[in-house]
Amino acid sequence: MERLKRDKKVIYLKISFFTTALILLISEIVKSQFSIYFAKPLLISILITLYFFSSKEKNIIYLFALLFAFISSVLFFGTIPESMFYGLLTFMIFRFLTIVVLYRIIDHNNLFPLIIATIPFLCVFLYLLSITEDQLGVSFYPALINVFLVSFLGGISLSNYILNDNKRNSLLLISTLICVTQNFLFIVQKFYFSNAIFQPITVIIYVASHYTFYKFLILDEEQKRV
């Protein structure tokens, strides 16, 4: 009976998550700033609750990571340079904590493939960072650290997928590639040109990245229990 109640809560939370994601997507299309400010932080709040009820192990590090994702989503709404700086800082902490979560899960014996897989991501993002250095200003160093973290995350995911192609690692790779695309679009939109089509695409990517990583963690738990 208790399990049935929990499963119902998970279903309702998933419906709430995707409903909020749809509201956020429509809000971006029609440019409703109030709805955007409301829906984006709410999305992360629902994901935190969803993970809490879905997971039997409840990874505390991941919950803290989502808390910092929530804070960064609020700070990125700001228009002053300080908001960008602190937004990047909290996003950096979020990304670091997700890497810590992965480090505790993956096989640590694949250092050479990990380094090789990280290099392409690092080259692309360092190039993008180098041509946006002037525009970043005080946010340059948090952005630089984020580049290394995202590249390392990409390396972890790609090397694990190549060495062990299974459903769990496929979900992790998909989540990471979506995350890499999100970072690329963020840089292009913030520092080069803003196009109306970018924001709805960014919303879809943002939602997919968070949800696939959540599914990866739940699947990892289930496989360990089996």
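The values are calculated or read from the model by the stated rules, or taken from the named source; none is laboratory data. If you're wondering where the values come from, they're calculated on a predicted model, not measured in any experiment. Ligands, DNA and RNA are stripped out before the accessible areas are found, and what is left, the full protein with its side chains, is counted by its heavy atoms. Shrake-Rupley method; radii C 1.70, N 1.55, O 1.52, S 1.80 Å.
The candidates ASP220, ASP7, arranged from most to least accessible area with a 1.4 Å probe in the full protein assembly, appear as ASP7, ASP220. Using a/c under 1.5 as the rounded threshold, could you call the stretch 1-116 rounded, prolate or oblate? The axes a ≥ b ≥ c are square roots of the C-alpha gyration tensor eigenvalues, and prolate needs a/b larger than b/c, oblate otherwise. Since a/c reaches 1.5 but b/c is at least a/b, the shape of the stretch 1-116 is classed as oblate.
Per atom type, the stretch 1-75 shows carbon and sulfur on 72% of its accessible surface, probed at 1.4 Å.
Fully extending the segment from ASN164 to LEU22, taken as 0.36 nm per residue of separation minus the present Cα-Cα distance, adds 47.7 nm. Rg/Rh for the chain (Cα atoms only, Rh after Kirkwood) is 0.97. Rank SER157, SER175, SER35 by mean-square fluctuation in a GNM of the chain with C-alpha springs under 10 angstrom and give only the top-ranked residue. In this elastic network of the chain, the residue with the biggest mean-square fluctuation among SER157, SER175, SER35 is SER35.
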